[in-house]
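The values are calculated or read from the model by the stated rules, or taken from the named source; none is laboratory data. Remember, predicted model here, so these are calculated numbers, not experimental data. Neighbour counts run over all protein chains shown; Cβ positions are idealised from the backbone, glycine included.
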């Protein structure tokens, strides 16, 4: 007999903010340590530190939703809430990048920079991982007898979207074609 | 910028020969024959105009050659050039970015003058290239290789053969790169682009008739994606790369450096970069051997240069747009025995990319136009103890989306002053005591004491330039 589970809808803080903030903090700490560890002048462990903190920052920015999304859903978050919680870290990183590059560019250009390859890939990858996360979440529910189907068009579309973005932005002409399209957009807007 | 080098002793045919000028020439020749016997033969032979081969590579930093004691990169043919010619130990670009630097080599002008300020501002066909000057003097001319300047392909005046490529935004491909030969697309006959371009160069040289020739051979190598030919793909496997202490494998993907395209472990790309340099060196060797076999090597001015340097982790950077030494220094070697005293003795005078055009014209005995902002290096070729320039102006214009502010810099023999636009703090470095430029002196008593002089120098160098 399948035991009946009920997903308890936890408080907004527990179902949305805490998972999102934990990821955000891990990202911020990883990024900071990755970028500044060499200044501690510890050459014997610098490489190891770089290999820990660099990938940690990369993974939390680009793939964080694979963790955050299912956790939020398990805590009773709606799809929209889990989506929002998952996007906080990549969006915060993009905003940080926009502010950082405003040192070099006008604000208009800086916001356009927020649409460059790396930020777009971060968004697309997280959308794809949310699709995966939703299916992971459903498969858990299915095991508990609370869901009938795991694979539906929307999460599949999210995964396909991410793969398509990965291809167009990074793989097609080793990223060169997309870069020139992006540059044409820049010229049209700012030149 | 004032011309700090005296002009070479060559005589322009365009200038009328007055009695005073003729006496000066005779006197100069006699003095040269007396004081420098090694040069006298050259002066006599110099009646015949030399051929010119200029080899430009992309992103080849100044120290990545075995003659610069690089720990493992092997460049025997560049070593030969340095041994038989003059290597400029302090050669720089005035803008460390491909398109502006290439336009500067071609025109002898700063980016703010020729107008190619970054990879977005187009080349203007009103610019006059050194090839146009050579053509006017009766040379057969060719531009072969990477053009890569913003805008459509130019209508290059004075170029008999124009072979280039437009794929990948003009960057070309390392393998099977389609070429544009005098406006018509042709497939590459050899798979590897450096070999193909060398073949095309040799065809041009071999096909010449009675005229001297001027060849501008502009390689794609060793630019990103740093791909060596198949037979060198395992070269330097296992060697200690000795990357700088502040570097790590992943720096190319943070802080916007990913737009440089160097995605993936730094070590992987650096190894390939070094392999690609050796592959390019091999083609330089093939070209030199062919010139030698044709019996014209010593009648040919051969110049090798890079269009800018490259960071491999220094300052936690990749790419080339910041004004630190790794990016602004270039390899520059000139081989022309007929006009060179003491071959193999390097020159320590500061040389610039904008010096190429006046130097080549000077070596060929042609008039150097007044709108060229560089200076002939011929006096340095003749005498390594001649006084060189004391400082030069460096400029960089915004190149979206590369994360670098616009700035001006002044480099003297010892100091560098960088004035950034925007909120980034300006910098002063003491290159003698801090060659890696890790300690910004600005804000220290030493730096603050240097600032007025360096600032005044920058103002002086920018004066009247509309900057």
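Working only within region B:109-123, note down all residues that are within 14 Å of chain A (Cβ to nearest Cβ) and in contact with a strand residue (DSSP E or B) (Cβ under 9 Å, 6 or more places away or on another chain).
The answer is B:117, B:118.
Out of the residues in region B:319-337 meeting the condition of being modelled with pLDDT of 95 or more and farther than 17 Å from residue B:395 by Cβ, tell me which one is surrounded by the most Cβ atoms within 10 Å (Cβ to Cβ).
My answer is B:334.
Quick check on my filter: what residues within region B:332-345 are assigned to a loop (DSSP other than H, G, I, E, B) and in contact with a helix residue (DSSP H, G or I) (Cβ under 7 Å, 6 or more places away or on another chain)?
B:336, B:340, B:341, B:343, B:344
Considering only region B:389-414, state which residues are more than 14 Å from chain A (Cβ to nearest Cβ) and either within 13 Å of residue B:462 (Cβ to Cβ) or crowded, with 19+ Cβ neighbours inside 10 Å (or both).
B:389, B:391, B:392, B:393, B:394, B:395, B:408, B:409, B:410, B:411
Can you tell me which of A:146, A:130 is more than 14 Å from every other protein chain (Cβ to nearest Cβ), closer than 23 Å to residue A:59 by Cα and surrounded by 14 or more Cβ atoms within 10 Å (Cβ to Cβ)?
When all the criteria are applied, what remains is A:130.
Any residue in region B:265-277 that's in contact (Cβ under 8 Å) with a residue 24 or more places away in the chain: show its pairings with residues that are surrounded by 22 or more Cβ atoms within 10 Å (Cβ to Cβ) and assigned to a helix (DSSP H, G or I) at Cβ separation under 7 Å, as long as the two are six or more apart or on different chains.
Within 7 Å, the pairs are B:266/B:251; B:266/B:252.
Does at least one position in region A:49-59 carry a residue that is within 17 Å of residue A:128 (Cβ to Cβ) and within 14 Å of chain B (Cβ to nearest Cβ)?
Yes, because at least one residue in region A:49-59 is within 17 Å of residue A:128 (Cβ to Cβ) and within 14 Å of chain B (Cβ to nearest Cβ).
How about region A:152-177: which of its residues are within 14 Å of another protein chain (Cβ to nearest Cβ), touching a helix residue (DSSP H, G or I) at 6+ places or on another chain (Cβ under 6 Å) and within 26 Å of residue A:86 (Cα to Cα)?
Result: A:169, single match.
Within the group B:355, B:348, B:307, which residue is touching a strand residue (DSSP E or B) at 6+ places or on another chain (Cβ under 9 Å), surrounded by fewer than 24 Cβ atoms within 10 Å (Cβ to Cβ) and in contact (Cβ under 8 Å) with a residue 40 or more places away in the chain?
Checking each option against the conditions leaves just B:348.
Condition test on residue A:67, is it more than 10 Å from every other protein chain (Cβ to nearest Cβ) and more than 16 Å from residue B:249 (Cβ to Cβ)?
Taking the combined requirement at face value, the residue satisfies it.
Considering only residues of region B:415-437 that are over 19 Å from residue B:457 (Cβ atoms) and touching a residue at least 40 places away in the same chain (Cβ under 8 Å), which is nearest to the other protein chains (Cβ to nearest Cβ)?
B:436
Quick check: anything in region A:144-158 at pLDDT below 95 and closer than 17 Å to residue B:401 by Cα?
Within region A:144-158, not a single residue is at pLDDT below 95 and closer than 17 Å to residue B:401 by Cα.
Let's see how each residue does on (1) in contact with a helix residue (DSSP H, G or I) (Cβ under 7 Å, 6 or more places away or on another chain); (2) surrounded by fewer than 13 Cβ atoms within 10 Å (Cβ to Cβ):
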| residue | (1), (2) |
| --- | --- |
| B:420 | no, no |
| B:424 | no, no |
| B:428 | yes, no |
| B:432 | no, yes |
| B:437 | yes, no |
| B:444 | no, yes |
| B:447 | no, no |
| B:451 | no, no |
| B:454 | no, no |
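Return yes or no: is residue B:385 at pLDDT 95 or above, surrounded by 24 or more Cβ atoms within 10 Å (Cβ to Cβ), more than 14 Å from chain A (Cβ to nearest Cβ) and assigned to a loop (DSSP other than H, G, I, E, B)?
Against the criterion (at pLDDT 95 or above, surrounded by 24 or more Cβ atoms within 10 Å (Cβ to Cβ), more than 14 Å from chain A (Cβ to nearest Cβ) and assigned to a loop (DSSP other than H, G, I, E, B)), residue B:385 does not qualify.
Please specify each residue of region B:71-119 satisfying the condition of being free of Cβ contacts under 8 Å to residues at least 60 places away in the same chain, within 28 Å of residue B:237 (Cβ to Cβ) and in a loop (DSSP other than H, G, I, E, B).
none
Being assigned to a loop (DSSP other than H, G, I, E, B), in contact with a helix residue (DSSP H, G or I) (Cβ under 8 Å, 6 or more places away or on another chain) and more than 10 Å from every other protein chain (Cβ to nearest Cβ) is the filter here; which residues of region B:262-271 pass it?
Of everything in region B:262-271, those that are assigned to a loop (DSSP other than H, G, I, E, B), in contact with a helix residue (DSSP H, G or I) (Cβ under 8 Å, 6 or more places away or on another chain) and more than 10 Å from every other protein chain (Cβ to nearest Cβ) turn out to be B:262, B:264.
For region A:91-103, check the following and say yes or no: at least one residue is within 14 Å of chain B (Cβ to nearest Cβ), more than 10 Å from the chain's Cα centre (by Cα) and closer than 17 Å to residue A:25 by Cβ.
yes
Can you find a residue in region B:112-121 that is at positive phi, modelled with pLDDT of 95 or more and surrounded by fewer than 24 Cβ atoms within 10 Å (Cβ to Cβ)?
Within region B:112-121, one or more residues are at positive phi, modelled with pLDDT of 95 or more and surrounded by fewer than 24 Cβ atoms within 10 Å (Cβ to Cβ).
Given the conditions (1) farther than 22 Å from residue B:145 by Cβ; (2) without any contact (Cβ under 8 Å) to a residue 60 or more places away in the chain, which single one is not true for residue B:315?
(2)
Given (1) touching a strand residue (DSSP E or B) at 6+ places or on another chain (Cβ under 9 Å); (2) within 14 Å of chain A (Cβ to nearest Cβ), where does residue B:240 come up short, assuming only one miss?
Just one mismatch for residue B:240, condition (1).
Out of the residues in region A:178-187 that are within 18 Å of residue B:262 (Cβ to Cβ) and touching a residue at least 24 places away in the same chain (Cβ under 8 Å), state the one that is farthest from the other protein chains (Cβ to nearest Cβ).
Of everything passing the filter in region A:178-187, A:178 is farthest from the other protein chains (Cβ to nearest Cβ).
Any chance you could count how many residues in region A:58-73 are crowded, with 18+ Cβ neighbours inside 10 Å and over 14 Å from residue A:127 (Cβ atoms)?
7
Closer than 30 Å to residue B:206 by Cβ, at pLDDT below 95 and surrounded by fewer than 17 Cβ atoms within 10 Å (Cβ to Cβ): which single residue out of B:47, B:43, B:36 fits that description?
One residue alone meets the criteria, B:47.
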